[in-house]
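The values are calculated or read from the model by the stated rules, or taken from the named source; none is laboratory data. Because the structure is a prediction, the values reported are computed rather than measured. Cβ: placed from backbone, ideal geometry, glycine included. Neighbour counts: every protein chain shown.
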Amino acid sequence: MTERKKIILANKPATPDAEHDAFAPRRPPVRGAGSAPRKRMTVEEAEQAAKAREEAAKAAAQAPAAAPRDESRWPGERPRTPAPRRDERDRPAADRPRDDRPRGPVPQRFDDRRPDPRNDQRPPRQDPRSQAPRGPRQDNRPNTPPPPQQDFRKDGRRAQGPRPTPVQQPTDGSVEHDGRIRLSKLMSERGLSSRREADEWIEHGWVLVDGEVVSELGSRVYPHQDITIDVAAKTQQAQRVTILINKPIGYVSGQAEDGYEPAFVLIRPENQWKEGDRTKLSLTRGHLKHLAPAGRLDIDSTGLLVLTQDGRIARELIGEDSNVEKEYLVRVELPENPDEKNISGVFPGELMDKLRHGLMLDGIELKPAKVSWQNEQQLRFVLREGRKRQIRRMCEQVGLKVVGLKRVRMGRIVLGNLPLGQWRFLQPDERF
């Protein structure tokens, strides 16, 4: 209730109804309806409040006026001495009282005690490093060894003790190479196994060098040392299989790409060529493990595709030093005259010589190839290398378009009568 309403109630004459309403019992507030209603004042309480206000007003009128508030000072700041009169400013400083000395300008109320950069007359601060001549940066850090690094095992747990710091060999030629090479590389060069097989055998302790077992990966040996393979390794290697498949058009050799399936999906028991397979082996899941193509065929080509688990065969067919022949039958046509039937009769001989030797792909000269006419529209290629789409790109350089390509031989293994889309195991007595 406001003060004005209280005064009105105090001056209002009392009525029986008003007195009844004033002293009537209050109903309790409803829970959840907000705060409780405010208690109303009685007539006597309103009269007493009016008298108290009148007395307070009379006391305020009789009290002396308070000093005005100094707005130039911060709260809690000591009061400043007023500035001296003009006649006292001319007095010497020694004769002038301490409190009468002239003061500076009164700071404003909201002064942040920092000099205004617009009125700062001090010269700009210069960095002493900018005056020094530039030169090579020197490392003044103390020569302390780096903290030891912790080693981790294969299972992810931290090994006990710090990792030994590798010894750095000088690069000025004072230390000569001792001529040793990695054991796995030497085994691959000798044709004993692939590098992956060699590392696996070394971990199992199946490799002996001069009669001593070597079980540490990355071991180095001299090229003249004798290497012996344990019987267990040879048995495991003999159990690895090689599969020959007649790949149809529309399948890729390796991983699936662009929605096309790999030829690997054709290796199923129902697709095995029973008549030409003399191994009498039945396909198992173990035969499909680590089965990789050795020599690719593009999606538009057909013919012999080799998938093997044996690293020796893969290195023999597609290694950097591979010298195995791959034979292809290639059907071609003339782009400017697709209806020409006797292409062998109109094709220039000098371009045929260029197909055999003299072409370059990706800036690298190709090895000599055997190229001859199989019939009027078909060429026979025999290559000792396998670049990406090599035959198609070779024919384009001499003005021929390849319309069909089939691989019929890899080394001494021929496609023969293997039906399209079927496969067979490599025989134990067959060699590439």
Check: Just a yes or no: is a residue in the range 332-349 farther than 19 Å from I249 by Cβ, part of a strand (DSSP E or B) and either in the same structural domain as H287 (by TED's automatic domain parsing) or modelled with pLDDT under 95 (or both)?
Finding: yes
Is at least one residue of the range 327-336 closer than 24 Å to Q422 by Cα, of a type in the set (A, V, I, L, M, F, W, C) and either surrounded by 14 or more Cβ atoms within 10 Å (Cβ to Cβ) or touching a Lys or Arg at 6+ places or on another chain (Cβ under 9 Å) (or both)? yes
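Residue-wise test of (1) in a strand (DSSP E or B); (2) in the same structural domain as R331 (by TED's automatic domain parsing); (3) touching a strand residue (DSSP E or B) at 6+ places or on another chain (Cβ under 6 Å).
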{"position": "G386", "(1), (2), (3)": "no, yes, no"}
{"position": "I391", "(1), (2), (3)": "no, yes, yes"}
{"position": "C395", "(1), (2), (3)": "no, yes, yes"}
{"position": "L418", "(1), (2), (3)": "no, no, yes"}
{"position": "G421", "(1), (2), (3)": "no, no, no"}
{"position": "R424", "(1), (2), (3)": "yes, no, yes"}
{"position": "Q427", "(1), (2), (3)": "no, no, no"}
Residue hits (the range 217-228; out of contact with any Gly (no Cβ under 8 Å at 6 or more places or on another chain) and either surrounded by 10 or more Cβ atoms within 10 Å (Cβ to Cβ) or outside the structural domain of S188 (by TED's automatic domain parsing) (or both)) are L217, S219, R220, V221, Q225, I227
Screening V324, V265, V231 for residues that are of a type in the set (A, V, I, L, M) and either under 16 Å from F425 (Cβ atoms) or surrounded by 12 or more Cβ atoms within 10 Å (Cβ to Cβ) (or both) leaves only V324
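Collect the residues in the range 356-380 that are more than 44 Å from the chain's Cα centre (by Cα) and either under 18 Å from M410 (Cβ atoms) or not charged (D, E, K, R) (or both), keeping them in residue-number order. Let's see the steps before the verdict.
From the range 356-380, those more than 44 Å from the chain's Cα centre (by Cα) are 356-357, 370-380; that's our starting set.
Matches in the range 356-380: H357, K370, V371, S372, W373, Q374, N375, Q377, Q378, L379, R380.
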Looking at the range 267-277, is at least one residue within 38 Å of the chain's Cα centre (by Cα) and in contact (Cβ under 8 Å) with a residue 60 or more places away in the chain? yes
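So which of E365, E385 ends up being on the phi < 0 side of the Ramachandran plot and loosely packed, with under 13 Cβ neighbours inside 10 Å?
Working: E385 fails: loosely packed, with under 13 Cβ neighbours inside 10 Å.
On inspection, the qualifying residue turns out to be E365.
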All conditions in (1) exposed (fewer than 13 other Cβ atoms within 10 Å of the Cβ); (2) under 28 Å from I243 (Cα atoms); (3) not acidic (D, E) are true of G345 except (2)
Only one of (1) part of a strand (DSSP E or B); (2) in the same structural domain as K247 (by TED's automatic domain parsing) does not apply to V382, and that is (2)
